[in-house]
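Worksheet for the structure shown next.
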Amino acid sequence: MNKPDFMSMSRVQLRKYILEHREDETAFQIYVDRFKSDSNEIFPAPQTIDDLKNFPELQRQHQQKPNQS
């Protein structure tokens, strides 16, 4: 049985997988590691080429924020 590619799953898909496969420690650890963040900021992946136009501005805004320690 091949495991799904957890890194390509959305947060919703990965959560659903974990709830359906509660014994899969690897999937759970990836979920925790992937979504553990101090800032709680999540930027959705671009869906179209036009979406990429927004990324430089989002990156600039993110870099201007002071580090929270």
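Applying the selection to region 1-12, what residues are open to solvent by less than 100 Å² (accessible area, probe 1.4 Å) and without any contact (Cβ under 8 Å) to a residue 24 or more places away in the chain?
Going through region 1-12, the residues open to solvent by less than 100 Å² (accessible area, probe 1.4 Å) turn out to be 4-6, 8-10.
Across region 1-12, the qualifying residues are Pro4, Asp5, Ser8, Met9, Ser10.
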Would you confirm, using the coordinates I've provided, whether Ser37 is open to solvent by 80 Å² or more (accessible area, probe 1.4 Å), among the small types (Gly, Ala, Ser) and modelled with pLDDT under 90? no
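The values are calculated or read from the model by the stated rules, or taken from the named source; none is laboratory data. Everything quoted here is computed from the prediction, not taken from an experiment. Quick reminder, even Gly has a Cβ in these numbers, built from the backbone with ideal geometry, and neighbours come from all protein chains shown. Calculation scope for accessible area: heavy atoms of the full protein, side chains included, ligands and nucleic acids excluded. Shrake-Rupley method; radii C 1.70, N 1.55, O 1.52, S 1.80 Å.
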